[in-house]
1. Per DSSP helix of 4 or more residues, -39500 (n - 2.57); summed, then divided by the residues of the chain. What does that give at 222 nm, rounded to the nearest 500?
2. Output the direction-averaged projected area (hull surface divided by four) of the convex hull of the alpha-carbon atoms of the chain, in nm².
3. For the chain, what relative contact order do you get, as a whole percent, if you take Cα pairs closer than 8 Å and at least 6 residues apart?
4. Using 1/(1 + (r/R0)^6) with R0 = 22 angstrom and r between the beta carbons of L321 and Q164, what's the FRET efficiency to the nearest 0.05?
5. If you take the beta carbon distance between Y228 and R348 as r and set R0 to 30 Å, what does 1/(1 + (r/R0)^6) give as a FRET efficiency, to the nearest 0.05?
6. So between N393 and L373, what do we pick up on full extension, going 0.36 nm a residue minus the alpha carbon distance?
7. Please name which of A128, L100, L186 has its Cα lying farthest along the dipole of the chain towards the positive end, using unit charges on Cβ (Lys, Arg +1; Asp, Glu -1) and the Cα centre as origin.
8. Identify all aspartates and glutamates with a Cα-Cα distance to K78 below 12 Å; exclude those on the same chain that are fewer than 8 residues away in sequence.
Amino acid sequence: MMATKKKISRRTFLKSSGIALALPTIITTKALGARDGTPPASQRITLGGIGMGGRGSGNIRQLMTDKRVQFIAACDVKHNALRGWKNNKNVDTYFDYRELIARDDIDMIMCGTPDHWHAQVTIDAMKAGKDVFCEKPLTLTIGEGRKMVEVARTYGRIFSSGSQRVIGDYGRHASAARSGRYGKILEGHANPGGPPRRCYLPGVPIPPNTIEWDLWLGPAPWVPYHPYRCGSAYGLGGKGFRTWHDYSGGMMTDWGGHKFGGAMHGMGVDHTGPTEIKYPDGKEYKYLTYIFKNGMKLIKSNKQGYMCEKGWAEPWNGMPLPPPGLRWYEDGARSPHEDVVNCIIERRRPFRDVEYAHRVASVCHLGNICFKLKRDLKWDPDKEEFINDEEANRLVDRPRRGPWQI
């Protein structure tokens, strides 16, 4: 449902019979572009935001600093998240994302919803012809991620997943490890946090004019409302959605998007997956350990960085960024937000393309599955299935509720 009255779209207006040819000879500054370098409206990327909480609004603010982007629509099932936009005559507001992506005047969407909505929103948006910037973690399941990659490729969409810390925080360590100074990389280390848990909170009445509860649940199992199920509190303290298995992979996936993503990038394994996942039994393996085809290990330890043949890789002053063979933002981009805008204009894949984001999220999910089953696992990263393990393969994806199918 729409929260405010919908305007006639710019593209619909220009497509109307004869209108484009009948425009007056007086052309406005807005049409030509502003003197501060802002492109004319016809050349800007029009942006809609779906999920306007803390991270979603932060992403929108970052994207709006780019003069090539024009923000025109906001969607959230929480009423408070839209109140700041309701008086903005240039931004329409919605409760139901399907109305937003149905507009033909929107080029790109930012998805900042809770994790359990990422796949549904972005797949529907790509099928509607939109490019996508999606907050990490990419998915709730491994199966969702593969479907997102397939849809992005089939529909020719640009898809970037946000994680500024991959380069911002961990890029220098990756560059040090790849420089050759320390010899071959043996291990990548990261500490993303723990898995989610089941939620048994009782139902309570929904306060009026606060949330569209059925839309918040979406593909997740139906349960009665409780504010701690849908809360935004960070961490695993039981007051935010990241705590709960039905809506999130916990801090394993939330911080794993940054920390495992950074480690895998430096190791050069960010477009594949491990072949073995070792459960930390306290004997042979003290920490959760992933082993890749090339023999490298990714270890969920208490530190972040790389162990190499000649010791722990440490950045140094004057170190080349990046060294040869290490991917980085292109065309002078300084953030994932600037990178995705460049890539939408140039129609090329961004640094954190959907395949990379899927592979990083998959490693996080594999860790959660390993913790759940409390045993070692063997994984085929090409087929994306467990080897001779029916119990584990049942956890690669989940059933989805009602109409919310991908």
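1. Working: 15 runs with 123 residues, N = 406.
Helices in the chain give a 222 nm mean residue ellipticity of -8000 deg cm²/dmol.
2. On the way: hull surface 90.5 nm².
If I average the Cα hull's projected area over directions, I get 22.6 nm².
3. Details: 814 pairs, mean separation 73.8, N = 406.
After rounding, I find 18 percent.
4. Values: r = 16 Å, r/R0 = 0.71.
With a Förster radius of 22 Å, E is 0.90.
5. Numbers: r = 42 Å, r/R0 = 1.41.
The value I calculate is 0.10.
6. Working: separation 20, 0.36 × 20 = 7.20 nm, distance 1.15 nm.
Extra length available between N393 and L373 comes to 6.1 nm.
7. In the chain, that residue is L100.
8. Result set, ordered by chain and number: D96, E212, D214.
Bear in mind that the values in this text are calculations on the coordinates, not laboratory data. Keep in mind the model is a prediction, meaning the values are calculated, not measured. Every residue, glycine as well, gets a Cβ built from its backbone with ideal geometry; the counts of neighbours run over all protein chains shown.
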